[in-house]
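Heads up: the structure comes next, in structure tokens.
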Amino acid sequence: MKIYKDYSLLPYNTFGMDVKAARFVEYDSVEELVKFLDGQEGPFPFLHIGGGSNLLFTADYAGTVLHSAIKGREIVGETEDWVDIRVGAGEVWDDFVAYAVACGWYGAENLSLIPGEVGASAVQNIGAYGVEVKDLIRFVDAICLETGRERRFTNGECRYSYRDSVFKKELKGKYVITHVTFRLGKRPGFRLDYGNIQAELDGCEPTLDGVRQAVIRIRRAKLPDPKLLGNGGSFFMNPVVEPEQFEALAKRYPDMPCYPAAGGRVKIPAGWLIDRCGWKGRSVGRAAVYERQALVLVNLGGATGREILHLAQAVAHSVREKFGVTITPEVNII
Ligand code: EPU
């Protein structure tokens with residue numbers, strides 16, 4: 001276990017914020033985590049981070065930042081049709097996808113190149129190109145921060161919905177995820193109906209690696225590489241509106257894209273709304289709206305978290321004024 005004081009979080013957030021944690025703790029196993037939690041006296045609060053690809057720090061963190069280095073992949077069940085694989089929360093998400101593809105297991109390939117770690121994927125319900133990680137998750141193993149006790153959550157108990165879970169709501173800050181068990185298919189089955197995956201395959205017969213490479217090419221073309229330009233992926237969630245509001249908007253903006261959402265509601269791409277407000281490619285100081293995808297805010301170099309936040313507020317204000325729609329951050333603002 002590693003414990004540091006006044007530790008720089010620069011390598012732990014893809015926005016590239018040079019902030020410090022009063023204490024930073026990295027553990028390698030469930031036993032280490034439980035031992036560490038026993039009789040803790042702070043500094044509180046605790047913040048558990050993954051790869052920091054969905055976080056915006058607006059100031060130094062006065063509490064304790066926890067990071068999992070629990071690694072490993074273990075097959076825990078298998079038939080002719082599927083395999084259940086239990087993965088450590090500290091594994092890099094895309095390494096797991098690459099491994100699944102190399103093994104010939106289906107299900108995770110559309111989620112290629114999403115930054116972050118396995119534990120955070122199960123908190124955030126990451127998604128892309130018609131697949132959400134909830135479609136693959138069987139169980140989530142977690143430790144209660146208060147009692148140090150282990151608990152296994154079934155998929156249903158995680159209460160997944162679009163970019164949401166019980167770990168972001170009722171149980172926020174209460175559990176630390178240690179392992180996630182995924183069920184992947186052994187028989188070919190692809191989701192190619194979303195976005196331009198089909199076009200990217202260019203008439204080729206889909207294969208696991210072919211789909212993975214197509215997704216990687218699409219993402220690279222649209223989304224900035226955090227190593228070159230600090231960002232947190234989609235800054236906002238796509239808003240979900242009532243059908244009546246959608247009808248009224250669609251009359252005024254017939255070219256507005258939309259997707260069906262649960263309960264007859266309609267999801268509208270926030271990137272399109274922001275783009276239509278004229279924000280794409282615009283900057284305020286060292287914070288900018290990415291020129292190729294308006295849903296992504298970027299750090300042009302040396303921006304503070306507050307500068308990014310001010311830009312986000314101005315963008316959300318424009319969208320509310322023009323469309324009467326509220327967009328809320330997907331990124332966790334600390
Ligand atoms: N659009 C514009 N202008 C823009 C951006 C988008 O008009 O600047 C339009 C596009 O033309 C398209 C629609 O908006 O008609 C949707 O755009 P896109 O397919 O790029 O997807 P998105 O809704 O903006 C979501 C996820 C992404 C995920 C993609 C692909 C959210 C918040 N974002 O973006 O996830 O990769 O779909 O499935 O749901 C992330 O969560 O960090 C992320 C990158």
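Summed over the range 232-268, the residues that are farther than 28 Å from GLY301 by Cβ, within 14 Å of the ligand (Cβ to nearest atom) and under 23 Å from the mean Cα position of the chain (by Cα) give a count of 11.
Residue count for the range 290-302 under the criterion of being buried (at least 23 other Cβ atoms within 10 Å of the Cβ) and more than 12 Å from PHE236 (Cα to Cα): the result is 2.
Taking residues in the range 158-169 that are in contact (Cβ under 8 Å) with a residue 24 or more places away in the chain and within 12 Å of the ligand (Cβ to nearest atom), and partners anywhere that are in a loop (DSSP other than H, G, I, E, B) and acidic (Asp, Glu), the pairs with Cβ atoms closer than 9 Å and at least 6 places apart or on different chains are ARG163/GLU330.
Checking the condition away from the ligand (no atom under 16 Å from the Cβ) and aromatic (Phe, Trp, Tyr), which residue from PHE190, PHE96 passes?
Selected residue: PHE96, the only one of PHE190, PHE96 that is away from the ligand (no atom under 16 Å from the Cβ) and aromatic (Phe, Trp, Tyr).
Given the conditions (1) touching a residue at least 60 places away in the same chain (Cβ under 8 Å); (2) among the hydrophobic types (A, V, I, L, M, F, W, C); (3) in contact with a Phe, Trp or Tyr (Cβ under 8 Å, 6 or more places away or on another chain), and given that CYS258 satisfies all but one, which numbered condition is not satisfied? It fails just one condition, (1).
If you go through the range 272-299 and pick out every residue that is in a helix (DSSP H, G or I) and farther than 16 Å from LEU249 by Cα, you end up with 0.
The set of residues in the range 271-295 being of a type in the set (A, V, I, L, M, F, W, C) and within 12 Å of the ligand (Cβ to nearest atom) consists of TRP272, LEU273, ILE274, CYS277, TRP279, VAL289, ALA294, LEU295. Residue count for the range 202-225 satisfying the condition of being of a type in the set (Val, Ile, Thr) and not in a helix (DSSP H, G or I): 1. Checked against (1) buried (at least 17 other Cβ atoms within 10 Å of the Cβ); (2) at negative phi, CYS204 passes all but a single condition, namely (1).
Among the residues in the range 138-149, are any closer than 28 Å to ASN231 by Cβ and more than 16 Å from the ligand (Cβ to nearest atom)? Can you show your working first?
Keep residues of the range 138-149 that are closer than 28 Å to ASN231 by Cβ, which gives 140.
Now narrow it down to the ones that are more than 16 Å from the ligand (Cβ to nearest atom): 140.
Yes, the range 138-149 contains at least one residue that is closer than 28 Å to ASN231 by Cβ and more than 16 Å from the ligand (Cβ to nearest atom).
For the range 117-134, the set of residues classified as in contact with a Phe, Trp or Tyr (Cβ under 9 Å, 6 or more places away or on another chain) and either more than 9 Å from the ligand (Cβ to nearest atom) or among the charged types (D, E, K, R) (or both) consists of GLU117, VAL118, ALA120, SER121, ALA122, VAL123, ASN125, GLU132, VAL133, LYS134, listed by residue number. Residues that are in a loop (DSSP other than H, G, I, E, B) and within 16 Å of the ligand (Cβ to nearest atom) within the range 101-110 comprise GLY107, ALA108, listed in sequence order. Remark: pairs (first residue in the range 111-129, more than 16 Å from ALA98 (Cα to Cα) and part of a loop (DSSP other than H, G, I, E, B); second residue among the hydroxyl-bearing types (Ser, Thr, Tyr) and near the ligand (Cβ under 8 Å from one of its atoms); Cβ separation under 6 Å; 6+ apart in sequence or on different chains) = TYR129/TYR194.
Taken together, LEU229, LEU201 contain a single residue that is at pLDDT 95 or above, over 16 Å from the mean Cα position of the chain (by Cα) and hydrophobic (A, V, I, L, M, F, W, C), which is LEU229.
The values are calculated or read from the model by the stated rules, or taken from the named source; none is laboratory data. Computed from a prediction, not measured in an experiment: that's the story for all the values here. A quick note on method: Cβ atoms are made from the backbone with ideal geometry, for glycine too, and the neighbour counts reach across all protein chains shown.
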